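First up is the structure itself, then whatever we jot down about it.
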Amino acid sequence: MKIITVESLTKILDKHGFDQFLVDLMQALKRDYGRWQSFTKMPRPSMHVPGGVLELMPICDNAAYYTFKYVNCHPKNPLTGKQTVVATGQLSQIDTGYPLMFSEMTVLTALRTAANAALATNLMARKDSHILALIGTGAQSEFQVKGLKLVRDIKEVRYFDIDPKAMAKFEKNMRSIGIKLVRCHDTEAAVKGADIITTITACKANVDVIKNKWVKAGVHINALGGDTIGKTELELSILPRCRVMVEYFDQSFIEGEIQRLNLKEAKKLVYAELFELVNGSKKGRTNDQEITLFDSVGIALEDYSALRLTYELANKYNLGEERNFTPPVNNPKNLLSALL
């Protein structure tokens, strides 16, 4: 069984190239969304605990692999020097059930979230989008900018976070990216005049991070921070103005911006699932005046794409550690012999 540590993933990214990994991951996502009906899916089970939420994200590709990711979200973790989100994942064969790879997924989750948002943005945002408003400059922020600049000619990033230290960190990491950086004193200043708005806040509450009156015609919104029960970022009155796309309705209805609607309202409002834009059966945008919204909660298919790509690249570059996580036995019915 191959083990991918953070150090192993860093070597893979060094060998393959950070931007190339994102490009290839977008292609992997397109491939897998294009095979939507080949996957056995379910909304992720979650356990709400004091201070956060614990989730398991399984999916089965009926032709090859099964994957799962364990992930948490504990917004107060940074106060004690811990990350808000950490994750691990596994890739297994479906024909034998044997595990092939166990991987870190904290960094991979940031990479796949960026690639997925870039894929959706490429299908929904105006082609002449140049100004990005980034609300929240935490752990995911730099990944989002790096992903979006691969699909649109981003010339300016306007950003705001309630934590000045997070903005300073973002500025330091992004200073050499070749894009104009504009620190804003509040969310409204960042959002007004933007072509693309990406929200990635961590507060576990129904918060109006973006007000309806700030949203202009033609803008595309990536609402990424609302990803669990009771956690949203947009003023509810924004939604009826938008062409709304989700990844997987059954999960988005539980955890996305649309969770505040009843089932009939949500089904009427949601225009498409992402796979329908990928396969061309529906269009992400029909004119430059539409407001488009990617109500993203993150789904297991995205983790599947990331794990499969990582496995392929780890084998290509001969990286990762090989470890025995299944007992070697001469007689499959004699498990005790593995201990003797």
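The values are calculated or read from the model by the stated rules, or taken from the named source; none is laboratory data. For clarity, every value in this text was computed on a predicted model and none was experimentally measured. Neighbour counts are summed over all protein chains in view; Cβ atoms, including those assigned to glycine, are modelled from backbone coordinates with ideal geometry.
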Selection status of GLU142, touching a strand residue (DSSP E or B) at 6+ places or on another chain (Cβ under 9 Å), of a type outside the set (Gly, Ala, Ser) and assigned by TED's automatic domain parsing to the domain that holds HIS185:
no
Criterion: in contact (Cβ under 8 Å) with a residue 24 or more places away in the chain, touching a Ser or Thr at 6+ places or on another chain (Cβ under 6 Å) and under 20 Å from LEU111 (Cβ atoms) - qualifying residue of TYR311, TYR317, TYR304, TYR248:
TYR304
Give me a count of the residues in the stretch 246-262 that are farther than 25 Å from GLN27 by Cα and in a helix (DSSP H, G or I).
7
Scan the stretch 311-340 for residues that are in a helix (DSSP H, G or I) and assigned by TED's automatic domain parsing to the domain that holds GLN93 and jot them down.
TYR311, GLU312, LEU313, ALA314, ASN315, LYS316
Unmet requirement for GLU265, which otherwise passes all of (1) closer than 28 Å to ALA28 by Cβ; (2) surrounded by fewer than 18 Cβ atoms within 10 Å (Cβ to Cβ); (3) at pLDDT 95 or above
(1)
Only one of LEU25, LEU9, LEU13 is in contact with a Phe, Trp or Tyr (Cβ under 7 Å, 6 or more places away or on another chain), surrounded by 13 or more Cβ atoms within 10 Å (Cβ to Cβ), modelled with pLDDT of 95 or more and closer than 17 Å to VAL107 by Cβ, namely LEU13
Mind checking whether some residue in the stretch 186-198 is of a type in the set (Val, Ile, Thr), under 22 Å from the mean Cα position of the chain (by Cα) and surrounded by fewer than 22 Cβ atoms within 10 Å (Cβ to Cβ)?
no
Report yes if VAL49 is more than 29 Å from PHE275 (Cα to Cα) and in contact (Cβ under 8 Å) with a residue 12 or more places away in the chain, otherwise no.
no
Among all residue pairs at least 6 apart or on different chains, which show Cβ distances below 6 Å where the first residue, located in the stretch 128-148, is under 23 Å from GLY17 (Cα atoms) and among the hydroxyl-bearing types (Ser, Thr, Tyr) and the second is assigned to a helix (DSSP H, G or I) and at pLDDT 95 or above?
SER141/PHE170
Does the stretch 152-178 hold any residues that are assigned to a loop (DSSP other than H, G, I, E, B) and either in contact (Cβ under 8 Å) with a residue 60 or more places away in the chain or surrounded by fewer than 17 Cβ atoms within 10 Å (Cβ to Cβ) (or both), and which are they?
ASP153, LYS155, ILE162, ASP163, ARG175, SER176, ILE177, GLY178
Can you pull out every residue in the stretch 201-232 that is part of a strand (DSSP E or B), touching a residue at least 40 places away in the same chain (Cβ under 8 Å) and not hydroxyl-bearing (Ser, Thr, Tyr)?
ASN206, VAL209, ILE210, HIS220, ILE221, ASN222, ALA223
Subset of the stretch 282-310 [part of a loop (DSSP other than H, G, I, E, B) and over 15 Å from VAL246 (Cα atoms)]
THR286, ASN287, ASP288, GLN289, GLU290
Would a scan of the stretch 185-193 turn up a residue that is at pLDDT below 95 and assigned to a loop (DSSP other than H, G, I, E, B)?
yes
Of VAL85, VAL107, which residue is within 18 Å of GLY226 (Cβ to Cβ), in contact (Cβ under 8 Å) with a residue 40 or more places away in the chain and among the hydrophobic types (A, V, I, L, M, F, W, C)?
VAL85
Let me spell it out: the conditions are (1) more than 16 Å from the chain's Cα centre (by Cα); (2) within 28 Å of GLU171 (Cβ to Cβ); (3) not assigned by TED's automatic domain parsing to the domain that holds ASN315, and LYS127 meets all of them except one. Which number is the exception?
(2)
